[in-house]
Amino acid sequence: ITVNSVVKAEKSMCAAIGGVLKPKSHKGKRFLEEREAKVIENTKTTIFVRGGNTSDVVKQFMKDLFSLKKPDAVMYQRKNPQRPFEDAGTLEYFSHKADASLFLLGSHSKKRPHNVVFGRTYNHRVLDMFELGIQNFKPLSFFKNQKCIAGSKPCLVFNGATFETEDTYARLKSTFIDFFRGPEVEGVRLSGLDHVISLTATDDGKLHFRSFKILLKKSGVKTPRIELEEMGPSFDLVLRRHQTAPPALYKTACRTPKALKSTKKKNISYDNFGTKLGNIHMERQDFAKLQTRKRKALKKVSNDTGVPPVSKKKKD
């Protein structure tokens, strides 16, 4: 992958006129429409990039995560020597080219063995980066059992108070949610829940990553019995370096578009159980003029017996 080849491809699709891209063909028009800003964004794509030197552990680590992320992932096979904490220009270029907002960079050195960098971008500029070291790695092939379906949406479980008390780990938790969340869906059937990812933060600063397959067993009732079977990969992560976005930029990146903001409706409220309540405003009524249904029991009584008087008709 070279810069010249990408520039030539983009120039063949579009012509730059006054800083505005104007498509020359229908293919170029569709290309620009896919890259336009959307109110509801597409499923986030992840690029997997190899550094200048990678170990076998890092290679297998990236392959296993790539298999969990498919089809919303792109794997770069060539070596790309870079130092993202000093200059992230290459990663930003790859992000813009692949229209990806997440990246995973793998490298290996004597100073930082089995090193990976999880990161995300905003407007194709690096937002957050976390450098982690891999320990006790067990690949998918280590577990001899059936795996989950490719492209399935996992259930994410975060254990440990560190994710809530420390800002760095809270931002790391948000990055992992973006990385593994998958496509947004309105509903999931029970048989579609077949994958659980558990991340546990311990007091010694390690993150224990475990992946399980959900097994639905017969229970004798309508609801099945749930069992978890570890399917891999399994590894521990140690936080080394991190770079987080300033609060102002992070607030801008998390801003909700106006089209998605729910407008507050007057005189409508919800209780703790989600029941919709409404207030109705009416004019003051005169109950003396209120028309009611007439019944015999409500007629006036003329004697002490309680029998209403009989009306006599006049003869002509």
What ranking, highest mean first, results for peptides 219-231, 264-276, 201-213, 90-102 when packing means the other Cβ atoms within 10 Å averaged over each residue?
90-102, 201-213, 219-231, 264-276
Subtracting the Cα-Cα distance of Glu186 and Leu290 from 0.36 nm times their residue separation yields 32.5 nm
Unsatisfied cross-links (Cα-Cα over 23 Å) in the set Lys63/Lys147; Lys38/Lys261; Lys24/Lys79; Lys69/Lys138; Lys70/Lys173; Lys38/Lys97:
Lys24/Lys79
Based on the Cβ-Cβ distance of Val221 and Lys22, what FRET efficiency does E = 1/(1 + (r/R0)^6) give at R0 = 51 Å, to the nearest 0.05?
0.20
Net charge, Val126 excluded, C-beta distance under 10 Å - Lys, Arg +1, Asp, Glu -1:
0
Exposure of Phe85 as accessible area (Å², to 10), given a probe of 1.4 Å and all protein chains
50
Have a look at the DSSP beta bridges in the chain and tell me what percent are antiparallel, nearest 5.
75
Taking just the C-alpha trace of the chain, give me its Rg and Dmax in Å.
32.0, 124
Less than 14 Å Cβ to Cβ from Lys70, Lys/Arg counted +1 and Asp/Glu -1: what total charge do the surrounding residues give?
+3
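In the neighborhood of Ala161, defined by Cβ-to-Cβ distances under 13 Å, what is the net charge if each Lys or Arg adds +1 and each Asp or Glu adds -1? Please report the intermediate quantities before stating the final value.
Details: positive: Lys173; negative: Glu164, Glu166, Asp203.
That sum, taken over residues with Cβ under 13 Å, equals -2.
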Give, in nm to one decimal, the length gained when the segment between Gln77 and Ala259 is fully stretched (0.36 nm per residue of separation minus the Cα-Cα distance).
61.5 nm
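The values are calculated or read from the model by the stated rules, or taken from the named source; none is laboratory data. Please read all numbers here as calculations on a predicted model, not as lab measurements. We place every Cβ from the backbone using ideal geometry, glycine too, and count neighbours over all the protein chains shown. Quick note on the areas: whole protein, heavy atoms, side chains included, nothing else; ligands and nucleic acids left out. Shrake-Rupley method; radii C 1.70, N 1.55, O 1.52, S 1.80 Å.
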